[in-house]
Structures are given as structure tokens and as C-alpha cells.
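S.K.: I have a structure here, written as C-alpha cells, and I will follow up with some questions on it.
The values are calculated or read from the model by the stated rules, or taken from the named source; none is laboratory data. Note that the coordinates shown come from a computational prediction; the quantities given were computed from them, not determined experimentally.
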């Protein structure tokens, strides 16, 4: 048997409003949805994405890697007594 009235109301003309001002019309279970970021203003899609390395972690890692590869390997002890 199918249960009645278990699904939420569906709005085929729901409005999605972004903080940037862009408005989309889609089908949803809410009549109006507010979002902070969308495909119109997201840095990844606009090409304004910036990778920020404020602590210099990448350079620090590369320096450790080159230092480790240049250092001679120590021989391990044969066994403990």
C-alpha cells in the first residue's frame, strides 16, 4: 500500500537567490532559498581562485625534502643486547 501525504510540497518554480544578486529558478521543496555563493560568483568558476601560502609551508617542505635526500643514510644497529 502506498502511504499518502508523506512527501513535502514540491514547488516547480522555486527561486534561488544568491548574495551576489543572481537569481535562479528550479524545482525544490521550498518556495524560496537564499544562498551565500553560487556558480556566478564562486572563485573557482570565475577564475579568481588564489592559493595563499602565508606561512611558507610549501617552501619549508621542499627544503626539508632536499636536505633529507642529500644527507647520507645512517646504518641501522644490528641488534639490541
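S.K.: Working only within region 15-56, note down all residues that are at pLDDT below 90 and on the phi > 0 side of the Ramachandran plot.
M.R.: Result: 47, 56.
S.K.: Any residue in region 2-14 that is at pLDDT below 75 and part of a loop (DSSP other than H, G, I, E, B)?
M.R.: Yes, region 2-14 contains a residue that is at pLDDT below 75 and part of a loop (DSSP other than H, G, I, E, B).
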